[in-house]
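Okay, so here's the structure we're looking at.
No lab work stands behind these numbers, since they all come straight from the coordinates. Predicted, not measured: the structure shown is a model, and the values here were computed from it. Methodologically, a virtual Cβ is constructed for each residue, glycine included, from the backbone with ideal geometry; neighbour enumeration extends over all protein chains shown.
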Amino acid sequence: MATIVLGVIGSDVHAIGNKILEYAFTEAGFKVVNLGVLTTKKEFVQAAIETDARAILVSSLYGHGEIDCRGLREMCIEAGIGDILLYVGGNLVVGKQEWEPVRDKFLAMGFDRVFPPATMPDEAIALLKQDLGVS
Amino acid sequence: MAIYLLADVGSTWTKLTAVDSKGNIVGQASAPTTVKTDIMEGVDAALREIRLQTGRKEDSIYACSSAAGGLAMIACGLVPELTGEAARLAVLGAGAKVLRVFGYNLNEDDLREIEALRPDILLLAGGTDGGNKKILLENAQALADMVSPLPVVLAGNRNAARQGAEILEATGFSVKITGNVMPELNRLDIEPAREAIRTLFLSHIVKAKGMEAFSRHLAAPLIPTPAAVLAAGKLLAAEMGELLLVDIGGATTDVYSYGGIETPPGMVRKGLLPPWDMRTVEADIGMRYSLSSLVEQAGRDLLAGAPQREQWQQELDKLLACPERLVSPGLEGLEVTLARAAVKIAVQRHAGTLERIYTPAGPTDILSGKDLRRMKTVIGVGGVLVNSPDPIGILTMDREGLLPENPKLMLDSKYIMAAAGLLAGPEPEMARRMLADSLAAL
């Protein structure tokens, strides 16, 4: 059973989607370490180290995802877990922006997968299983 | 009626309390602790005195000790804020003194320091259950390679514990495997580690000459004094509800809290959920041996507004120069001011933090650590309080942060908290009676 760290980054208090993701990933067989809302980058990294997590799943719903997520990959590298999978999803930027540039921006930041608004959990679960080579 | 003798072999004084089987205090005596020669000399001196008071020999003896520096430990975890903190809280909760806390991989300097400090016991943690195994195994290997054998309580990732123990045992370490101090992220489970430490205490703490001989006379294993105080507070909290206990000593100020772990509605809790019964020790906050660091921490306003400021300053300088000194008559107010600062600093450090952050959805309060605001009672322990003309002044805290908002103040007037704690397990009814006898509302 692979361990994953889940949380809503920054000053974001959107709790419902977070609970749904916790439920869905747990049902799918993952050991979910849910940090909940208002989670800092440091907390994600520390939790991943201590639990030996194989992926960090970051949610951001309030439009400030870009500034909150910047540097997460670098922090992981510094902390010795540079190879960990990083996923991010939600309403990552303010307003209606074209999706591809947004996705590319987060990929350039070091995220392995970037999910647009209204992605269903099943889609992320399937991709995570594929990326981790688990069934 | 049977006589129970309760002994607290402290670093400077050996204190004995005699109680009958109803828990009535029938004698109290003390003698200087004779740690340099044989602790039995001090014990015997106090025994002679108390037997004169009770008129007979006791039926059973229970004892705790903090002589020869008490139980000194080092804690190792992985992330300092997670298993490092969990390990630290477990060590404190067992009644030990924390010499150092290490996080991540132990490096050569750390290992040299461990070798030089020679802790009585080392607590090795790291990784949640099923989580990181590497740290535990690598630190076990580093200790085995570089440090001479020590008693180790291994309380880390259960999936690496056995292997870690084998690495250490191969070079002669004695290892006690116990439950992980943080089995899941942010969830503490420190009781198994505390219990293992207390069990090891007796078998490895024979530093003070005569301690082993003394322990053969005891009805129950010798425990560290703070563990006895923690047990007494627990018994009280079961009756009185959430409470805070502050023990002001010459070298340290210990704070014990029972409760304060609920998250009020509308707040978000972050970090480790602290243990319901939590002990912290401030080694730099004390009335004599740590007075200089207390004064430094309290800041230069400490004596501001004092009615006899110049006299107080002179007296303070004398106390700083000579820790054995008693405050001159007429200047007791200085002692109250110092003790009040000690209480405030120690309780503030024990308490958690409350931070208001502004989110696009409005202000949100983030709580971490202990919320002491609704503590019903604050109990003061220690000679400085018992002998003070103004214990209320010492124990009264400003309403700020997460400090108690409107507590009832009480005093352990007979200084029997540790003695009562010794009976909390075997004879709880007697312990309750003793506490009721000693606790005085202020």
- Query: What residue, among those in region A:50-102 that are under 18 Å from residue A:132 (Cβ atoms) and of a type in the set (Val, Ile, Thr), is farthest from the other protein chains (Cβ to nearest Cβ)?
  - Reply: A:88
- Item | Residues located in region A:95-114, provided they are under 17 Å from residue A:64 (Cβ atoms) and in contact with a helix residue (DSSP H, G or I) (Cβ under 9 Å, 6 or more places away or on another chain) | A:102, A:105, A:106, A:109, A:111, A:114
- Message: Out of everything in region B:212-246 that is under 30 Å from residue B:406 (Cα atoms) and over 17 Å from the mean Cα position of the chain (by Cα), what residue ends up being surrounded by the fewest Cβ atoms within 10 Å (Cβ to Cβ)?
- Response: B:239
- Those residues of region B:260-296 which are within 14 Å of chain A (Cβ to nearest Cβ) and in contact (Cβ under 8 Å) with a residue 40 or more places away in the chain amount to B:263, B:266, B:267, B:268, B:269, B:270, B:271, B:272, B:273
- Item | Number of the condition not met by residue B:106 [criteria: (1) within 19 Å of residue B:185 (Cα to Cα); (2) touching an Asp or Glu at 6+ places or on another chain (Cβ under 9 Å); (3) away from chain A (no Cβ under 14 Å)] | (1)
- Note on the structure: Taking region B:142-185 and the residues there that are crowded, with 19+ Cβ neighbours inside 10 Å and polar (S, T, N, Q), the one that is farthest from the other protein chains (Cβ to nearest Cβ) would be B:178
- Message: Could you tell me how many of the residues in region B:108-123 are in contact (Cβ under 8 Å) with a residue 24 or more places away in the chain and either assigned to a loop (DSSP other than H, G, I, E, B) or farther than 15 Å from residue B:156 by Cα (or both)?
- Response: 10
- For residue B:345, all conditions in the list (1) surrounded by 16 or more Cβ atoms within 10 Å (Cβ to Cβ); (2) in a helix (DSSP H, G or I); (3) without any contact (Cβ under 8 Å) to a residue 60 or more places away in the chain; (4) not aromatic (Phe, Trp, Tyr) hold save one; what is the number of the exception? (3)
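For every residue, the table says whether it meets (1) surrounded by fewer than 20 Cβ atoms within 10 Å (Cβ to Cβ); (2) within 30 Å of residue A:50 (Cα to Cα).
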residue	(1), (2)
A:79	yes, yes
A:83	yes, yes
A:92	no, yes
A:96	yes, no
A:101	yes, no
A:106	no, yes
A:110	yes, yes
A:116	yes, yes
A:121	yes, yes
- Message: Given the criterion crowded, with 19+ Cβ neighbours inside 10 Å and within 14 Å of another protein chain (Cβ to nearest Cβ), identify the matching residue among B:334, B:319, B:354, B:367.
- Response: B:367
